[in-house]
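S.K.: One structure, as C-alpha cells, below. Some questions next.
The values are calculated or read from the model by the stated rules, or taken from the named source; none is laboratory data. Note that the coordinates shown come from a computational prediction; the quantities given were computed from them, not determined experimentally. Here the Cβ positions follow ideal geometry from the backbone for every residue, glycine too, while neighbour counts run over all protein chains shown.
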Amino acid sequence: MTEQTFSQTSNDIEKAAHVYAELRRTRPSTRRNLKNYVKVFLGIDIPNKRICSEHNSPMDYLWHSFSADFPTLRATNHERRATGNADAVIWANRAGGKTELAAVATLMDCVFKPNCQVRILGGSGEQAGRMYEYLTGFLRNGFEQFLAKPALKAKCRFTNGSAVEVLTQSATSVRGQHIQKLRCDELELFDEDVFNAAKFTTQSTENLTAAMELISTMHRPYGLMQKVVSSASQFGTPIFKWCIWEVIEKCTDRNCSQCPLWDDCQGKAKAANGYLKIDDCITQMRRASRVGWEAEMLCKRPSLENVVFNEFDPAIHVQPIDYDSNLPLYRALDFGFVNPFVCLWIQVDSDGTVRVIDEYIRSRATIDVHAGEIKSRTPISEEQMAATFCDPAGAGVNDVTGTSVVRELRALGIAVRFRRSGILQGIELIRRSIRSGDGQSTLIISPRCQRLIEAMECYHYPQFGGAADELPLKDGLYDHHIDALRYFFVNYNRPSKTTTIRY
C-alpha cells in the first residue's frame, strides 16, 4: 500500500467514524428508523411481528414509548390518542425481553429528550437493578459521550439534563418524586401501598408527556397486574401484550408432528422472528407444570392455585343471555356502604341452569337510592318477583338509626328474605353449579356482569394462610359479588328453611 493510498484509507475511515458518530446522535424519525437504530448501536434486533391475533409485538411498545413526546411522530401512534398521557401496560412472558426493552426505552428517553427525568421502580431491589444494569451496559457500548459524569451505582445524569435513578420499593422512596417517566418492573411483586404512592409521581412538562409504564408477567388472577389489566380500558390505557410466539426464533428445519411445542405452536414459530431458542423453550416447558407454562410463557389464564372457583371458565360459563319472561325472576343482595352494595338478577331454566342476567354494584349510596335503582332495572313489577334473597346480617338493628336494612327495604316495597348458612356451604353450592360430579355445568353468566365474572376468576384464599385456613379472603373487592351469588344458592328452593321477619 502506497503512502497516498494509506492516507486515503485513513481519511475514509475517519469520515466513516464521523458519520457513525453523527448517526448515533440523530434522533430516529420513523418506527423503522428506531428499530434499525437499536439494532445498529445496541446490537438488539427487536421482534416486530405480531404472531397471535390478540397480541402486539415488542416493537409496538418501544415505538409507543419513544414517539409519545414528539408531535410529528405521535400523529401515527394511534394507541395513545385517547388519553393525555403516555401510560402503558406491558404484559409479556418470562424471558420476553420486557426489562431489557424498558432499558432501551430509558436510554432513548435520556439521549433524545432533554431534561427527561426517568425513575426505575422494581418489584424488588434486584429487579430494579437489573433494568439499570442493562442501561449501564448500553452506556458502555459507545454512549458514554452522552453522560455528564460517570454513571453511579443507582443513578446517572446526561449532558442534556436528563437523568435516571433507581428507587427502592418503599413509599418513602417514591413520595416526593416529580418526574416524567416511571417504569415499574415486575408489578406483580409490588407492595400495593408503594404502587398507590407511585401513581402520583409523574407530571408532564412543556415538551415531555408524563408516562407510567407497568411491566410484568401475570402470575395470579387476583394480583396487581390483573387489576391493572382489568381497569386499563376504563382509563384508555393501552396494553402491549406478547407471549413466547412473538419472541421465539424462526423455526426452519423441524418436523412439526414430532415437536413437543406443536400443541401450542400450531405452526406459529414458522412465522416468528425472535431470539428465544426453540430448544430452550422445549426444556422449560418440560420442567414446568401446565398451569405454570400457560401463565408464564403463553400469557394465558394465570395460575389458579389458591383461587376458590378454579374450574370457572369464561369460555364455558359466560354466554350472552337476556331476561326470559317465561322464567321466574330472582334477585340476590349483599349490603354495603363503603364496600359495594351488590344486586344480581337471576333466573333458573327448566333444566336447572342458573342464569345470572344482570348486576348492579354501587358504593356510598343510601338504601333508598339502591332500592330505586333496583326497581327501575327490574323488568317486572315487585309483585311478580319470585323472591329477593339477602344477607342475613341485614336484619340486624343499627344502633344509630334504630332500624335495619331489611326493614328499610320492606318499607320501600322490596320484600326480602334470607336463610342463615355457613360460607363454605354456599361456596360448595356454587362449585357444584360450575361443575358437578358428573362434569356438567349449570351456571351461565351474562357478559353484562363484568364485575361478577372478575370476582369468579379472582376470589381466592389468603396467600399465606395455613393449611387449616379454609375460608376465602374477605378483601372487600371480590367477596361481595360472591356473597350475593351465595345467598341465592343457599335460599333457592328452600322455602321451609327460609326466615321471614315481620315488623
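Residues checked against (1) closer than 18 Å to C299 by Cα; (2) touching a Ser or Thr at 6+ places or on another chain (Cβ under 9 Å); (3) in a strand (DSSP E or B); (4) without any contact (Cβ under 8 Å) to a residue 40 or more places away in the chain:
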{"site": "I215", "(1), (2), (3), (4)": "yes, yes, yes, no"}
{"site": "Q226", "(1), (2), (3), (4)": "yes, no, no, no"}
{"site": "S230", "(1), (2), (3), (4)": "yes, no, no, no"}
{"site": "Q234", "(1), (2), (3), (4)": "no, no, no, yes"}
{"site": "T237", "(1), (2), (3), (4)": "no, yes, no, no"}
{"site": "D253", "(1), (2), (3), (4)": "no, no, no, yes"}
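S.K.: Is segment 193-209 home to any residue that is closer than 26 Å to L42 by Cα, of a type in the set (D, E) and assigned by TED's automatic domain parsing to the domain that holds V104?
M.R.: No: segment 193-209 contains no residue that is closer than 26 Å to L42 by Cα, of a type in the set (D, E) and assigned by TED's automatic domain parsing to the domain that holds V104.
S.K.: If you go through segment 265-304 one residue at a time, how many are assigned to a helix (DSSP H, G or I) and either farther than 28 Å from S230 by Cα or modelled with pLDDT of 95 or more (or both)?
M.R.: 13
S.K.: When M456 is evaluated against the numbered criteria (1) in contact (Cβ under 8 Å) with a residue 60 or more places away in the chain; (2) over 16 Å from F488 (Cα atoms), which criterion, by number, is the only one it fails?
M.R.: Exception for M456: condition (2).
S.K.: Out of curiosity, is R435 surrounded by 17 or more Cβ atoms within 10 Å (Cβ to Cβ) and either closer than 22 Å to V356 by Cβ or not charged (D, E, K, R) (or both)?
M.R.: Yes: the conditions hold for R435.
S.K.: Follow-up. Going through R451, R502, R486, R494 one at a time, which residue ends up being at pLDDT 95 or above and of a type in the set (K, R)?
M.R.: R486
S.K.: Do any residues in segment 270-281 that are hydroxyl-bearing (S, T, Y) have Cβ atoms under 8 Å from those of residues that are modelled with pLDDT of 95 or more and part of a helix (DSSP H, G or I), where the two are at least six apart or on different chains, and which pairs are they?
M.R.: Y275/V247
S.K.: Looking at (1) of a type in the set (F, W, Y); (2) more than 15 Å from A102 (Cα to Cα); (3) in contact with a strand residue (DSSP E or B) (Cβ under 8 Å, 6 or more places away or on another chain); (4) at pLDDT 95 or above, can you tell me which one F190 breaks?
M.R.: (4)
S.K.: Would you check if T99 is of a type in the set (V, I, T), farther than 30 Å from H55 by Cα and assigned to a helix (DSSP H, G or I)?
M.R.: Criteria not met by T99.
S.K.: Restricting to segment 345-380, count the residues that are out of contact with any Ser or Thr (no Cβ under 6 Å at 6 or more places or on another chain) and in contact (Cβ under 8 Å) with a residue 60 or more places away in the chain.
M.R.: Qualifying residue count for the region: 8.
S.K.: Also: What residue, among those in segment 235-285 that are among the β-branched types (V, I, T), under 24 Å from S216 (Cβ atoms) and in contact with a strand residue (DSSP E or B) (Cβ under 8 Å, 6 or more places away or on another chain), is surrounded by the most Cβ atoms within 10 Å (Cβ to Cβ)?
M.R.: Per the criteria, the residue is I244.
S.K.: Those residues that are under 27 Å from N56 (Cβ atoms) and at pLDDT below 95, I need them from segment 308-337; list them, please. Lay out the reasoning, then the answer.
M.R.: Just the residues of segment 308-337 that are under 27 Å from N56 (Cβ atoms), to begin with: 313-315, 318.
Result: D313, P314, A315.
S.K.: Which condition breaks for E206 when tested against (1) surrounded by 15 or more Cβ atoms within 10 Å (Cβ to Cβ); (2) at pLDDT below 95?
M.R.: That leaves (1) as the condition not met.
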